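Reviewing the structure listed below.
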Amino acid sequence: LAAMSEKHFRRLCQQSLGRSPAQHVTALRLQRAALLLTATNDKVESIARDVGYRSLFTFSHTFKRFTGSRPSEYRKR
């Protein structure tokens, strides 16, 4: 779709964003999750699904690595 090889696309992402395409997608998902946690009363499980995670454990673990706190702790703050 981008009319370039995967390797070249990855290299360009690394140069312009400072991270791989997969890391960028993860960051965007978790930014959206953080917004939903503070702006809604939706359950954490629902937010995890909304941003593309099938596993609540994986979502919670990844969210903690990204923000430094678990989703429920983040919401309380």
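The values are calculated or read from the model by the stated rules, or taken from the named source; none is laboratory data. None of these values were measured; they are calculated from a predicted model. Note: ideal-geometry Cβ built from the backbone for every residue, glycine included; neighbour counts use all protein chains shown. Accessible surface areas use protein heavy atoms only, side chains included; no ligands, DNA or RNA. Shrake-Rupley method; radii C 1.70, N 1.55, O 1.52, S 1.80 Å.
Miscellaneous remarks
- Inspection of segment 1-10 finds a residue satisfying the criterion of being surrounded by 12 or more Cβ atoms within 10 Å (Cβ to Cβ) and modelled with pLDDT under 95.
- For segment 3-54, residues that are over 10 Å from the mean Cα position of the chain (by Cα) and on the phi > 0 side of the Ramachandran plot total 2.
- Among (1) open to solvent by 70 Å² or more (accessible area, probe 1.4 Å); (2) under 29 Å from L12 (Cβ atoms) - the single one R77 does not satisfy: (2)
- One residue alone among T26, T38 is in contact (Cβ under 8 Å) with a residue 24 or more places away in the chain and surrounded by fewer than 12 Cβ atoms within 10 Å (Cβ to Cβ), and that residue is T38.
- Among the residues making up segment 53-67, a single one is open to solvent by 40 Å² or more (accessible area, probe 1.4 Å) and among the small types (G, A, S): S55.
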